[in-house]
Amino acid sequence: MDSAVAEIEHAVRLREAVRRLVASAPVEEIILFGSRARGDFTEDSDFDLCVILRDDIPSGVFTPATLWERVADLGLTIQIVPLRRSRFEAAKKDPSSISCQIAREGRVIYADGVPAGT
């Protein structure tokens, strides 16, 4: 498949993944991070998504596995890191945390009820 066509297809599938995640969980924000956000990805690179959830959700309900099940059939390799808002905000101050990496290099693709680019 032509690389431009592949990128368009990935964008369509990623948008659908965001739609499904937002429909199934109390999502405040979704941040793309890793090689896809930095722009140094390869054809085989996965999509790393940090899903920022409301603080008032019960513990253990929205895990990487339960959220991944909602997007598994889209044909994208997606890694999901769900974090409560307060945990993300506190941890991003620690340079060794994944939250710090996400805050530093991530691109917000959904926030406050609005997908990025709309």
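Under the simplified labelling scheme, the Arg13-Cys100 pair shows an inter-label distance of 3.3 nm, with each label point 7 Å from Cα along Cα→Cβ.
The long axis of helix 3-24 is offset from the longest Cα principal axis of the chain by roughly 30 degrees. Taking other C-beta atoms within 10 angstrom as a stand-in for reagent exposure, Asp55, Asp48, Asp112 fall in the order Asp112, Asp55, Asp48, fewest first.
If each residue's Cβ is checked for other Cβ atoms within 10 Å, how do Leu49, Leu76 rank with the fewest at the top?
Leu76, Leu49
For the stretch 1-78, a/c is not less than 1.5, where a ≥ b ≥ c are the root eigenvalues of the C-alpha gyration tensor, and a/b tops b/c. That puts it in the prolate class.
Express the relative contact order of the chain as a whole percentage, based on alpha carbon pairs under 8 Å and six or more residues apart in sequence. Write out the running numbers ahead of the final one.
On the way: 165 pairs, mean separation 36.6, N = 118.
Over the chain, the number comes to 31 percent.
Per the helix-only calculation at 222 nm, which mean residue ellipticity applies to the chain, given -39500 (n - 2.57) for every DSSP H run of n ≥ 4 and division by its residues, nearest 500 deg cm²/dmol?
Numbers: 5 runs with 47 residues, N = 118.
Helix-only estimate at 222 nm: -11500 deg cm²/dmol.
Rule-based calculations on the coordinates, nothing more; no lab input. This is a predicted model, so every value here is computed, not measured. Backbone-built Cβ (ideal geometry, glycine too); neighbour counts: all protein chains shown.
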